[in-house]
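**Q** Attaching a single structure in structure tokens format; questions to follow.
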Amino acid sequence: MSSGVVVFASDQRFQVVHPEKSDNWTLQIRFAQVRDSGVYECQVNTEPKMSLVYHLTVVESRASLSGPEYVRAGSTLNLTCIVTPPAAPGLVYWYHNGAMLDYEGPVAILTQEGPEGTRSSLTIGRAGPAHSGNYTC
């Protein structure tokens with residue numbers, strides 16, 4: 001697929017990243033798809049040959065978001081995101097107007113895995129005008 005930073009795959013989503021003066025090499029697959037699942041191998045051209053095999057499984061998840069469209073200023077905002085099939089543990093991210101939310105201030109996020117999927121709840125106490133906008137998970 002590649003040699004050094006030269007990629008021989010015709011798919012432009014594949015790229016090799018190698019920071020200058022670094023021993024780290026990373027195969028980057030942008031917009032990973034289920035068809036990208038499989039075995040990938042990193043080889044170092046030494047004698048004897050050194051290699052590391054990695055099995056990648058890409059799953060297609062769906063998220064559904066529920067909660068009120070409007071809340072009264074000063075009240076608590078509760079939003080729930082259900083991801084199916086279950087996401088990797090702890091890997092549900094929340095965004096407000098495109099910016100990732102952190103866990104500071106009035107924001108609380110609780111994520112739980114279950115057989116029906118991963119459930120993540122976003123709670124914002126004392127919601128105000130600054131909390132208006134688009135929420136995604």
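The values are calculated or read from the model by the stated rules, or taken from the named source; none is laboratory data. Quick caveat, the model's predicted, so the values are computed rather than measured. The protein model used for the area step is the full one, side chains on, heavy atoms only, and it has no ligands, DNA or RNA in it. Shrake-Rupley method; radii C 1.70, N 1.55, O 1.52, S 1.80 Å.
**Q** By how many nm would the segment from CYS42 to SER10 lengthen if fully extended, with 0.36 nm per residue of separation less the alpha-carbon distance?
**A** Taking CYS42 through SER10 to full extension adds about 9.6 nm, to one decimal.
**Q** For the chain, what is the largest minus smallest coordinate of the Cα atoms on each principal axis, given in angstrom and ordered from greatest to least?
**A** 67, 36, 26
**Q** A follow-up question, please. Quick one: accessible area per residue over the chain, 1.4 Å probe, rounded to a whole number of Å²?
**A** Ligands and nucleic acids excluded, the result is 73 Å² per residue.
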